[in-house]
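Beneath this line is the structure, given in structure tokens, with notes to follow.
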Amino acid sequence: MGPQSRRLTGLAALAFGAAAVVLAVTCARGRVVDVQHVTPDAPDSVFVEVINDNYYDARLYALYAGGARYPLGTVGGNLSQAQVAIPWTPRPLVVELFLVIGGGHYVSDVLSPQPGEVLQVRLPPNLDASGFFRRVR
């Protein structure tokens, strides 16, 4: 085996490695779920789980009265997200959502969670007909 065939083998390995990286990145970009990592045992936290029954990906935030805003992440259409912990505040909150592709902006009814409570937020297939979310724009 001469130097020419070793170089070809090295180039083939490099091409195979590059193809594997491109494939991994492409697969990872399919349905991205951003999660704010807070330990589940954090004291005075509220835990939010999102179930998206809507076709479109949604970016969600928890908004406390007074202006504190916590990202809940982006949940792909027809997917769910693991629980996200946000700090508890003795104030009411709403869930704000933006449809990534559809362009809608919605706000939920007012919620008053207690420390340690798990809030399950379900996005229905038709947000405009939802009794829980109202369209802002």
Residue tally, condition more than 9 Å from ALA58 (Cβ to Cβ) and touching an Asp or Glu at 6+ places or on another chain (Cβ under 6 Å), over region 75-106:
2
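Yes/no per residue for (1) basic (Lys, Arg); (2) modelled with pLDDT of 95 or more; (3) not in a loop (DSSP other than H, G, I, E, B):
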| residue | (1), (2), (3) |
| --- | --- |
| THR89 | no, no, no |
| GLY102 | no, no, no |
| VAL107 | no, yes, yes |
| ASP128 | no, no, yes |
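The values are calculated or read from the model by the stated rules, or taken from the named source; none is laboratory data. Fair warning: this is a prediction, and the values are worked out from it, not measured in the lab. Virtual Cβ from ideal backbone geometry, glycine too; neighbours counted across all protein chains shown.
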